[in-house]
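The structure appears below as structure tokens.
The values are calculated or read from the model by the stated rules, or taken from the named source; none is laboratory data. Everything numeric in this text was worked out from a predicted model, so none of it was measured. Here the Cβ positions follow ideal geometry from the backbone for every residue, glycine too, while neighbour counts run over all protein chains shown. The protein model used for the area step is the full one, side chains on, heavy atoms only, and it has no ligands, DNA or RNA in it. Shrake-Rupley method; radii C 1.70, N 1.55, O 1.52, S 1.80 Å.
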Amino acid sequence: MEFNAKKVDEANAVISATIAKETVESNLDKVAKQAAKTMDIQGFRKGKVPVAVVKQRYADKLTEDAEGEALREILTNGLKELNISNEDLIGEPSISKFDKKEDGSIDVEVTVACKPTIDLGEYKDLLPEVEDKAIDEADIDARIDEIAKSSSPLAKIARKRAVRDQDHALIDFEGFVDGVAFEGGKAEKYALHVGSGSFIPGFEEQIIGMKYEETKDVVVTFPEEYQSKDLAGKEATFKVTLHEIQEKAAAELNDEFAAKLLPGEENATMETLRAKIEEQMKAEVMNKYYREELKPAYLETLVEKLTFALPATVVDQEINQALNNKVRSMSEDEIKALQEDAAKVEELREELREEAQNSVKATFIVDALAKAEAVEVSDQEVSQVLYYEAMQMGQNPQEVLKQYQEAGYLPAIKMSMIEEKVISKLLDAKLGK
């Protein structure tokens, strides 16, 4: 078997060979004999089917298997000669050439993508300057007031007036479609937060201006995608009666209030609460500062300064993804023009190449940084983050996790978490935390 293996660069290699006709025939005999031991063909005892019959009946499939066996041997020998381990491979090797000749031989070419070798150098010296953000006392006071207000019980307002946006209105309501009451459309003494968007679009806006013990018809249309198919897209009339307007009772800001908010804190005081809230607010501000300013600037610097080979197949995948995203925003005429002119597609791909290369480069840099800093994110951590976010959104955590798994998003989420974790670690060290 003629054979040649060479590295294009540190991240790409090409293995080329000519598979002799005799090699395919020899492999064909082997796979046919193996198949004959297990095949069940009418007229023959199982395991006693003649090899010639197997070859005749399943010629195409067996030939394909025989050629595949030869390809696997080429790949194994090529990787061995190039000193590339399976752990170094990225994705599946791709067959870039498979040319069957008249003499029965086959010219093949296999392209291989490998993990690039990255020398990070003095990567910590490239970190941007980090400013320690302070939290204003007024902002801490505002946060405490917001917490106090949200945790306070609702109470009837002291003076009667009309409903305003963001009021809490205590109402009775009953819904009708074509004059007939529908199931689930009735409630009494319901506390509606006007402006929360929790009711059908248009409902809450019509409550504004109602007065105590006033009854009015509120006419709305159920959304087309409404969960109940019997109501979806239909117009409904709700008879609504306003009983009273409620507001959050002002909480007394004292040590007792602090103790309620910090149940696990011994001898909690307002000063303790202020310190905790300042710590929380500072973490929020610093995380945003890291995420939106410092992290992009640092990665941009690393991408610019570090030089290493990139796996061509990974760059092509990134270009394809960027191209698909761009096509989604195009008009029908623009898409048609691309379909009719392959040169325009290639021109567009080249326009996207540099950004795709930088994106792939940044991903490998983050991976190298994580290894250098011994930063890891477990699958359990990824699941916990998704569970928490799903619960915050009122979604079923298990269903959300399943959807992400099926869509293949988990590796990207994990990489994003690693990126944030390792760069935050470096920035914290720069700040002296």
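Over the alpha carbons of the stretch 292-358, what is the largest minus smallest coordinate on each principal axis, giving the biggest first in Å?
Principal axes ranked by extent give 41, 28, 14 Å for the Cα atoms.
Taking 0.36 nm per residue of sequence separation and subtracting the Cα-Cα distance, how much length would be gained by fully extending the chain between SER329 and GLN227, in nm to one decimal?
On the way: separation 102, 0.36 × 102 = 36.72 nm, distance 2.96 nm.
Here the segment from SER329 to GLN227 would lengthen by 33.8 nm.
Write out the trypsin sites (Lys or Arg not before Pro) in the stretch 102-170 meeting two conditions: DSSP loop, and at most 15 other Cβ atoms within 10 Å of their Cβ.
Numbers: sites: LYS124, LYS133, ARG143, LYS149, LYS156, ARG159, LYS160, ARG161, ARG164; in loops: LYS133, ARG159, LYS160, ARG161, ARG164.
Taking the stretch 102-170 and a limit of 15 other Cβ atoms within 10 Å, the loop trypsin sites (Lys or Arg not before Pro) found are LYS133, ARG159, LYS160, ARG161, ARG164.
Accessible area of the chain with a 1.4 Å probe: how many percent of it is carbon plus sulfur? Mind dumping the intermediate values first?
Numbers: 12640 of 27410 Å².
Ligands and nucleic acids excluded, carbon and sulfur give 46 percent.
Hey, what's the Cα Rg ratio for the stretch 71-123 versus the globular rule of thumb, 2.2 N^0.38 Å? Let's see the in-between values first.
Details: Rg = 15.2 Å, N = 53, 2.2 N^0.38 = 9.9 Å.
After normalising by residue count via 2.2 N^0.38 Å, the value is 1.53.
Quick check: Cα centre of the stretch 332-401 to Cα centre of the stretch 224-285, how many Å?
35
State the extension gain, in nm to one decimal, for the chain segment bounded by ASP178 and LYS239, taking 0.36 nm per residue of separation less the distance between their alpha-carbons.
Computed gain between ASP178 and LYS239 is 20.6 nm.
For a quick check of your reading of the filter: which trypsin sites (Lys or Arg not before Pro) in the stretch 200-253 sit in a DSSP loop and have no more than 11 other Cβ atoms within 10 Å?
Working: sites: LYS211, LYS216, LYS229, LYS234, LYS239, LYS248; in loops: LYS211, LYS229, LYS234.
Answer by residue number: LYS229.
Which distance in nm do the two modelled labels at GLU252 and GLU340 give, with both placed 7 Å along the Cα-to-Cβ direction?
8.0
Can you tell me the convex hull volume per residue for the stretch 199-253, based on C-alpha atoms, in Å³ to the nearest whole number? Display every interim value, and only then the final one.
Values: hull volume 6.6 nm³, N = 55.
Here the figure is 120 Å³ per residue.
Within a Cβ distance under 15 Å of ASP178, other residues only, what is the Lys/Arg minus Asp/Glu net charge? Please report the intermediate quantities before stating the final value.
Values: positive: LYS234, LYS239; negative: GLU174, GLU183, ASP217, ASP230, GLU235.
Result for the local shell: -3.
Explain nothing, just the number: relative contact order of the chain, from Cα pairs under 8 Å at least 6 residues apart, as a whole percent. Before the final figure, lay out each step's value.
Working: 546 pairs, mean separation 62.0, N = 433.
It rounds to 14 percent for the chain.
Given a Förster distance of 56 angstrom, what is the FRET efficiency for LEU262 paired with ALA59, based on the Cβ-Cβ distance and rounded to 0.05? All intermediate terms of the calculation are to be shown ahead of the outcome.
Values: r = 78 Å, r/R0 = 1.38.
Approximately 0.10, to the nearest 0.05.
When the chain is modelled as a GNM with alpha-carbon springs shorter than 10 Å, which of VAL314, VAL422, VAL180 fluctuates the most?
Highest fluctuation among the options: VAL180.
Using a 7 Å offset from the Cα along the Cα-to-Cβ direction at both GLU354 and ARG159, what is the distance between the two label points in nm, to one decimal?
6.5
For PHE98 and TYR190 in the same chain, what is the full-extension length gain: residue separation times 0.36 nm, less their Cα-Cα distance, in nm? Could you put the intermediate results ahead of the total?
Details: separation 92, 0.36 × 92 = 33.12 nm, distance 7.17 nm.
Full extension of this stretch gives 25.9 nm more.
Summing +1 for each Lys or Arg and -1 for each Asp or Glu, what net charge is found among the other residues whose Cβ lies under 15 Å from the Cβ of GLU340? The partial results should precede the final answer.
On the way: positive: LYS336, LYS344; negative: GLU332, ASP333, GLU334, ASP341, GLU346, GLU347.
Residues close to GLU340 contribute a combined charge of -4.
Which one, (i) 62, 36, 22; (ii) 40, 25, 20; (iii) 51, 25, 21, gives semi-axes √(5λ) of the Cα gyration tensor in Å as derived from the coordinates shown?
Matching the structure shown: (i).
Let's test the formula: R0 of 30 Å, r as the Cβ-Cβ distance of ALA407 and ALA374. What FRET efficiency results, to the nearest 0.05? Present the calculation step by step, with values, prior to reporting the outcome.
On the way: r = 30 Å, r/R0 = 1.01.
Calculated transfer efficiency: 0.50.
To the nearest 0.05, what FRET efficiency results for SER416 and GLU205 with a Förster distance of 60 Å applied to their C-beta separation?
Numbers: r = 39 Å, r/R0 = 0.65.
Efficiency computed from Cβ-Cβ geometry: 0.95.
Report the local net charge at GLN384: Lys and Arg +1, Asp and Glu -1, summed over other residues whose C-beta lies under 15 Å from its C-beta. Write out the running numbers ahead of the final one.
On the way: positive: LYS414, LYS421; negative: GLU376, ASP379, GLU381, GLU389, GLU420.
Combined, the nearby Lys, Arg, Asp and Glu give -3.
Quick query: amide H of ILE118 versus all other amide H atoms, modeled in the peptide plane; which residues come in under 5 Å with a sequence gap of 5 or more or a different chain?
none
Using 7 Å Cα-to-Cβ label points, what is the TYR387/SER150 separation (nm, one decimal)?
Here the answer is 2.3 nm between the modelled labels.
Under a 10 Å cutoff between Cα atoms, tell me which one of PRO411, PRO397, PRO223 has the largest fluctuation in the Gaussian network model of the chain.
Residue with maximal mean-square fluctuation among PRO411, PRO397, PRO223: PRO223.
For the stretch 363-370, take each phi angle, set θ = phi - 60°, evaluate the Karplus expression 6.51 cos²θ - 1.76 cosθ + 1.60, and give the result in whole Hz per residue in order, putting x for glycine and proline.
Per-residue couplings from phi come out as 4, 5, 5, 4, 4, 5, 4, 4 Hz.
Sort the stretch 1-152 into rounded, prolate or oblate with this rule: let a ≥ b ≥ c be the square roots of the eigenvalues of the Cα gyration tensor; rounded if a/c is under 1.5, and if a/c is not under 1.5, prolate when a/b is larger than b/c, oblate otherwise. Present the calculation step by step, with values, prior to reporting the outcome.
Values: a/c = 5.36, a/b = 2.16, b/c = 2.48.
Oblate, since a/c reaches 1.5 and b/c is not below a/b.
For the stretch 321-433, rounded, prolate or oblate, judged on the Cα gyration tensor with a ≥ b ≥ c (square roots of eigenvalues), a/c < 1.5 rounded, else prolate if a/b > b/c?
Values: a/c = 3.13, a/b = 1.51, b/c = 2.08.
Oblate, because a/c is 1.5 or more while a/b does not exceed b/c.
At most 14 other Cβ atoms within 10 Å and a DSSP loop assignment: could you name the GluC sites (Glu not before Pro) in the stretch 340-380 that fit? Each step should come with its number before you reach the end.
Working: sites: GLU340, GLU346, GLU347, GLU350, GLU351, GLU354, GLU355, GLU373, GLU376; in loops: GLU373, GLU376.
Here the GluC sites (Glu not before Pro) that fit, given the DSSP loop and packing criteria, are GLU376.
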